[in-house]
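Input: a single structure, listed below in C-alpha cells.
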Amino acid sequence: YLHELLEAVGLSDAARIARSFPAALSGGQRQRIGIAAALASNPRLLLADEPTTALDVTMQRTVLDLIDRLRTERRMSLIHITHDLGVLTDRTDRIAVMYAGRIVESGPSARMLSAPAHPYARALLDITPKLSTTTHDPWRPTGHVCTPPRLPVRVALLTGKRGVPHNSPTRGTRQLRS
C-alpha cells in the first residue's frame, strides 16, 4: 500500500524512496511523501497547512496541481491554510481570512481576491505580487511589499487556543506576533 501511495503522489521510484533518509530527498519529494501520509487513511477532508512553504515556484505549482488532482480523484474536500493568497487563485471556491484567531471575513474566492473588506485581508492581498499592465516591462512585479496592520496579532491554528502556534515544540508557552 505504501508504494501505491508514493506512486499516487508522483514518486515513481517508490522502493528506493521508501528506504531513503529524509536528507537524501528533495523538498518536493518530502512534501509529496507528507501528502501520501495524509492520504493513507482515505480522508474525506484534506487539511493542507502551508503545503508550498520553502518550495521554489515550479515545485509550488507541481504540489498544488498534485493536491488538486488528488482532491478530484478521491472526491475529498480541502481546507488550504496559507498566507500567500496568490496560490489560491483559481484553486478555491471560498476563502476565509483569520486574524487574531478569528475568521474576520469570508466569501467567494473571486470577491475575496478582488475586493476584500477587512484591513488584514486587504493587506494579505496587497503583498501578493502582481504583474505589470504596462507594455514597457510586462513581467516587472508591481505589487509592493507592505506589512499587515501594526496591531498586536496572535496567530492560532488548529489548537483552539489564542496565540499558540499549532506546530510549537513548546505548545502553550510561546506566541507568534506580527
- Item | Entirely in segment 47-135, the helices (runs of 4 or more DSSP H) that have 1 or more residues that are under 20 Å from ALA37 (Cβ atoms) | 57-74
- Assess whether PRO22 counts as being modelled with pLDDT of 90 or more and either open to solvent by 40 Å² or more (accessible area, probe 1.4 Å) or touching a Cys at 6+ places or on another chain (Cβ under 9 Å) (or both). yes
- Query: Any residue at all in segment 61-71 that is in contact (Cβ under 8 Å) with a residue 60 or more places away in the chain and either open to solvent by less than 40 Å² (accessible area, probe 1.4 Å) or more than 25 Å from SER26 (Cα to Cα) (or both)?
  - Reply: yes
- Residues located in segment 17-69, provided they are among the acidic types (Asp, Glu) and either on the phi > 0 side of the Ramachandran plot or in contact with an Asp or Glu (Cβ under 8 Å, 6 or more places away or on another chain) (or both): GLU50
- When segment 1-38 is examined, which residues are found to be in a loop (DSSP other than H, G, I, E, B), out of contact with any helix residue (DSSP H, G or I) (no Cβ under 9 Å at 6 or more places or on another chain) and without any contact (Cβ under 8 Å) to a residue 24 or more places away in the chain? PHE21
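The values are calculated or read from the model by the stated rules, or taken from the named source; none is laboratory data. In this text the structure is predicted, and so the values were computed from the model without any measurement. Virtual Cβ from ideal backbone geometry, glycine too; neighbours counted across all protein chains shown. Just so you know, the surface numbers come from the protein's heavy atoms only, side chains and all, with ligands and any DNA or RNA stripped out. Shrake-Rupley method; radii C 1.70, N 1.55, O 1.52, S 1.80 Å.
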